Amino acid sequence: MSHKPAPASGNNRVDTIDSLDGLHADLARRHRATQSSGTAVPDTVVAADLAALERDGYVILDNLLTETECEEIRAAVAPLLDNTGRNTFEGRLTQRVYSVLNKTRACDRMVDHPRVLALLDRLLLPNYLLSQLQVINILPGEDAQLLHHDDGMYPVPRPRPPLSAATVWSIDAFTQENGATVVLPDSHHWGDGRQPADGDTRVKAVMPPGSCVFFVGTLWHRGGANASDQARLAVTAQYCEPWLRPQEAFTLSTTRDTVRVVSEDIRRMLGYSIHPPFIGMVEGMHPKRLLDTPS
């Protein structure tokens, strides 16, 4: 993976990396980038999803998981739900599970769902990364979360193309009363000086179990208040451009044994990939070589 500068030419031309055909090429040799499973989604479906996303900043994808799959996820994550949030943003009455991939395989199917990857393939550069994965259980009595946009930590002026995207999956049905995610349509177009106001349109992402709301990182949104008498279980996966630092340091928090058993899509999104020409290398080589040796 290492790149050696070309020798100086006789005409005193300065060689730069821009002179490489490989600036945006795959230099990984035997560990070349793999094709996303999003390519299996029909173009007409992706075009409709993308049109809604570009117009509103979000799109609801209904019934991607079966009720049986949702039951399996509930059973797998229930033992992991213990502590509630440490502040008002996490939610004093909200349970969150971090380092999910090390604790259960039940959430993998949401991280690498083809319908989601098909959109990411068109929004972000190849070899985009998983930025965060959480299980979120909003308990009865929880207040609404502060409004925010997910890529606000990146100091790039707005308006601009999104640097990230997110999904929130309804493992339990999202209703008007139980804390459904609240989105502000068209807010992904706002500039730096624009803040949410009382008169702005706000939409609750009401959806059946096994659905997800997909939105770009520039969209203002929040977790809703839970005024019901039942908890509301969700899983959220966030993704970012391959040249950005993810919110979770997955290369530190995820064991190599886990990396070996997840799908190729997830492995790539954890950082076992190269963003051309050589961002993400280890010892000048593709990081997947680390999986060839014992942990």
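Nothing in this text is a laboratory measurement; each read-out follows from the coordinates by a stated rule. The structure displayed is predicted, hence computed values, not measured ones. Positions of Cβ are backbone-derived with ideal geometry, glycine not excepted, and every protein chain shown enters the neighbour counts.
Things to note:
- Exposed chymotrypsin sites (Phe, Trp or Tyr not before Pro) absent: longest stretch of the chain, with sites in DSSP loops and at most 15 other Cβ within 10 Å deemed exposed: 99-242
- The Kirkwood hydrodynamic radius of the stretch 160-241, based on inverse pair distances between different Cα atoms, is 13.4 Å.
- The stretch 121-221: trypsin sites (Lys or Arg not before Pro) falling in loop per DSSP and having at most 14 other Cβ within 10 Å: ARG194
- Ordered by the count of other Cβ atoms within 10 Å of each Cβ, fewest first, LEU129, LEU64, LEU233 give LEU64, LEU233, LEU129.
- Label selected from (i) 6, 26, 33, 22, 9, 3, 1, 0; (ii) 6, 26, 29, 20, 13, 6, 1, 0; (iii) 6, 21, 25, 23, 16, 7, 2, 0, the criterion being P(r) over Cα pairs in 10 Å bins from 0, in percent as computed here: (i)
- Highest-MSF residue in the chain out of GLY152, GLY210, GLY284 [GNM, Cα springs under 10 Å]: GLY284
- Listed from fewest to most Cβ neighbours within 10 Å, the set THR181, THR84 follows the order THR84, THR181.
- At full extension, ARG260 and THR66 could sit 67.2 nm farther apart than now, given 0.36 nm per residue minus the alpha carbon distance.
- Charged side chains reduced to their Cβ positions (Lys and Arg at +1, Asp and Glu at -1) give the chain a dipole of some 880 debye around its Cα centre.
- Coordinate range along principal axes, alpha carbons of the stretch 145-295, Å, largest first: 55, 38, 19
- Order of ARG267, ARG105 - criterion: other Cβ atoms within 10 Å of each residue's Cβ, fewest first: ARG105, ARG267
- The alpha carbon centroids of the stretch 222-289 and the stretch 144-214 are separated by 21 Å.
- Taking every alpha-carbon pair under 8 Å whose residues sit at least 6 apart, the chain reaches a relative contact order of 27 percent.
- One chain, two ends: ALA48 and ARG160. Fully extended at 0.36 nm per residue, the span grows by 38.1 nm beyond their Cα-Cα distance.
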